[in-house]
Amino acid sequence: MSTNPPDLRPDLARAVLREDSRPGQPKIGMVSLGCPKALVDSERILTRLRAEGYAISPDYAGADAVIVNTCGFLDSAKAESLEAIGEALNRNGRVLVTGCLGADPEYITGAHPSVLAVTGPHQYEQVLDAVHKAVPPQPDPFVDLLPATGVTLTPRHYSYLKISEGCNHACKFCIIPDMRGKLQSRPAHAIVREAEKLVEAGVKELLVISQDTSAYGLDLKYAEERGHRAHITDLARDLGSLGAWVRLHYVYPYPHVRELIPLMAEGLILPYLDIPFQHADTGVLKRMARPAAAARTLDEIAAWREICPDISLRSTFIVGYPGETEDEFQVLLDWMDEAQLDRVGCFQYENVDGARSNALPDHVPDEVKEERWHRFMEKAQAISEAKLAAKVGKTIEVIVDEVEEDAATCRTKADAPEIDGCLFIDEGHEDLKPGQIVSVVVDEAGEYDLWGRLA
Ligand code: SF4
């Protein structure tokens with residue numbers, strides 16, 4: 001199977017398509033033909049699929065289905081595309097066709113009636129929807145970067161932007177370093193180029209993802225190449241200059257994160273940080289072997305809020321980690337009272353095949369985990385409710401995600417797609433379009449969502 005030759009890859013990524021995958025993980029192969037524009041589409045499709053939990057297969061045999069991104073510019077390119085589809089059908093059998101030649105579906109189905117789906121050039125969301133149908137996602141909350149709910153619809157106005165693969169840490173409950181290897185950052189100029197193409201193609205919001213966003217560039221020694229330095233602060237500034245909303249996910253509370261906050265205060269990137277704290281008790285964090293286990297996170301949060309009072313903080317936590325005592329759990333609840341996070345997710349600890357935490361002593365009984373989870377969520381919900389109530393009467397900017405007859409579903413700057421809340425507009429919304437950014441007066445607040453009217 002051909003993958004993009006390195007000199008044509010739009011991202012010039014050092015990170016190769018890794019062959020390892022977890023058992024049962026759906027795998028997709030990609031044959032990418034054609035011009036650099038088509039390669040950007042291929043990269044974008046692969047980025048999204050990886051984020052959704054698919055593995056990318058480097059060969060036909062290992063793939064559950066193969067996407068052929070075709071070129072139809074010249075007759076010779078058309079012939080090459082048909083040949084590539086034929087080869088994929090012979091070697092794998094389950095083939096989805098996209099790209100320029102897909103503009104003429106009968107031409108393809110005439111020659112190859114058994115292809116599963118045909119989509120046209122730059123029909124990014126249709127390709128992904130076709131993949132979901134052909135090979136349903138098998139979300140795994142332990143390793144995936146997106147929540148399971150996010151994988152059915154693929155809107156065009158926001159896009160995930162993966163800046164690195166792998167992770168240098170060794171958190172005991174996590175198998176990602178074993179599966180994905182050490183941190184491998186993409187060169188900053190390649191990321192910026194991909195982001196530029198996305199914005200040119202109509203993307204209004206870039207969601208920066210990786211396993212450890214604040215570590216970005218460490219493996220490249222933060223080197224500058226083609227005018228772009230591989231450091232998260234510089235990258236955030238570069239991305240922020242493109243005119244789209246830029247949202248950072250999976251940032252660890254390292255001291256240099258403070259440098260990002262002025263960019264938020266200036267409006268260059270969204271005042272939003274997704275920081276997986278996982279716990280607040282130092283003993284638990286040490287047993288988890290978390291990066292920045294001893295960080296004084298409450299001090300950091302206070303410092304961030306001083307620089308950017310509007311900052312929204314989202315985090316995820318694990319309750320019932322092996323050995324977690326009632327006192328340690330109480331430290332977490334007290335910390336929550338102080339930290340006043342805007343958005344919070346919580347998991348009950350579970351063993352994952354291959355994780356070192358499985359072997360820790362004093363596993364917490366299921367009913368205790370469940371009970372702690374409820375206590376934690378009750379607190380998180382009360383905080384969220386109070387924070388949202390404080391927004392009533394304010395005028396804020398929102399991005400429109402979906403327009404239906406009875407309401408438009410939008411998000412504020414404090415809400416990431418698929419994981420946070422929504423703002424609904426149920427009057428005068430008929431002419432709104434997905435991706436539009438509008439000002440709204442907040443009328444009403446619930447536990448997780450807001451309602452408002454156009455300002
Ligand atoms: S920082 Fe820890 S939890 Fe996150 S990917 Fe690395 S090892 Fe896993």
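Which residue out of Val344, Val257, Val352 is assigned to a loop (DSSP other than H, G, I, E, B) and either free of Cβ contacts under 8 Å to residues at least 60 places away in the same chain or at negative phi (or both)? Even if it seems obvious, please write down each step before you answer.
Numbers: Val344 fails: assigned to a loop (DSSP other than H, G, I, E, B); Val257 fails: assigned to a loop (DSSP other than H, G, I, E, B).
Step by step, each of Val344, Val257, Val352 is checked, and only Val352 is assigned to a loop (DSSP other than H, G, I, E, B) and either free of Cβ contacts under 8 Å to residues at least 60 places away in the same chain or at negative phi (or both).
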- Query: Are any residues in segment 371-384 of a type in the set (Asp, Glu) and either exposed (fewer than 14 other Cβ atoms within 10 Å of the Cβ) or assigned by TED's automatic domain parsing to the domain that holds Leu450 (or both), and if so, which ones?
  - Reply: Glu378
- Task: Could you list all residues from segment 172-202 that are within 11 Å of the ligand (Cβ to nearest atom) and in contact with a His (Cβ under 8 Å, 6 or more places away or on another chain)?
- Result: Pro177
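Taking the options Arg314, Arg287, name whichever one is within 16 Å of the ligand (Cβ to nearest atom), surrounded by 15 or more Cβ atoms within 10 Å (Cβ to Cβ) and farther than 27 Å from Tyr448 by Cβ. Walk me through it before giving the result.
Details: Arg314 fails: farther than 27 Å from Tyr448 by Cβ.
After ruling out the rest, the residue left standing is Arg287.
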- Task: List every residue pair whose Cβ atoms lie under 9 Å apart, where the two residues are 6 or more positions apart in sequence or sit on different chains, the first residue falls within segment 371-397 and is on the phi < 0 side of the Ramachandran plot and without any contact (Cβ under 8 Å) to a residue 12 or more places away in the chain, and the second residue, located anywhere, is exposed (fewer than 14 other Cβ atoms within 10 Å of the Cβ) and among the acidic types (Asp, Glu).
- Result: Ala382/Glu447
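Could you go through segment 431-440 and let me know if any residue there is among the charged types (D, E, K, R), touching a residue at least 60 places away in the same chain (Cβ under 8 Å) and in contact with a strand residue (DSSP E or B) (Cβ under 8 Å, 6 or more places away or on another chain). Reasoning before the result, please.
Quick first cut of segment 431-440, residues among the charged types (D, E, K, R) only: 431, 433.
Still in the running and touching a residue at least 60 places away in the same chain (Cβ under 8 Å): none.
For segment 431-440, residues among the charged types (D, E, K, R), touching a residue at least 60 places away in the same chain (Cβ under 8 Å) and in contact with a strand residue (DSSP E or B) (Cβ under 8 Å, 6 or more places away or on another chain): absent.
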- Message: Looking at Glu328 and the list (1) in contact with a helix residue (DSSP H, G or I) (Cβ under 9 Å, 6 or more places away or on another chain); (2) farther than 27 Å from Glu367 by Cα, which single condition is not satisfied?
- Response: (2)
- Message: Against the conditions (1) within 16 Å of the ligand (Cβ to nearest atom); (2) touching a helix residue (DSSP H, G or I) at 6+ places or on another chain (Cβ under 9 Å), where does Pro276 fall short? Just the number, please.
- Response: (2)
- Item | Filter result for Gly428 (surrounded by fewer than 18 Cβ atoms within 10 Å (Cβ to Cβ), more than 28 Å from the chain's Cα centre (by Cα), outside the structural domain of Ala265 (by TED's automatic domain parsing) and modelled with pLDDT of 90 or more) | yes
- Query: List pairs: first in segment 82-110 and farther than 16 Å from Ser57 by Cβ and in the same structural domain as Pro58 (by TED's automatic domain parsing), second among the charged types (D, E, K, R) and surrounded by fewer than 20 Cβ atoms within 10 Å (Cβ to Cβ), Cβ under 8 Å, 6+ apart or cross-chain?
  - Reply: Leu101/Lys78; Tyr107/Lys78
- Any residue in segment 164-191 that's in the same structural domain as Arg44 (by TED's automatic domain parsing) and more than 20 Å from Leu206 (Cα to Cα): show its pairings with residues that are outside any helix (DSSP H, G or I) and within 10 Å of the ligand (Cβ to nearest atom) at Cβ separation under 6 Å, as long as the two are six or more apart or on different chains. none
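I'm checking my understanding of the structure. Among residues of segment 203-221 that are in contact (Cβ under 8 Å) with a residue 12 or more places away in the chain and over 18 Å from the mean Cα position of the chain (by Cα), which one is farthest from the ligand (Cβ to nearest atom)?
My answer is Leu220.
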- Task: Sort out which residues of segment 308-330 are under 22 Å from Pro271 (Cβ atoms) and in a loop (DSSP other than H, G, I, E, B), and write them in order of number.
- Result: Cys308, Pro309, Asp310, Ile311
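The values are calculated or read from the model by the stated rules, or taken from the named source; none is laboratory data. What you see is a predicted model; the values in this text were computed from it and never measured. With ideal geometry, Cβ positions are generated from the backbone for all residues, glycine too; neighbour counts draw on all protein chains shown.
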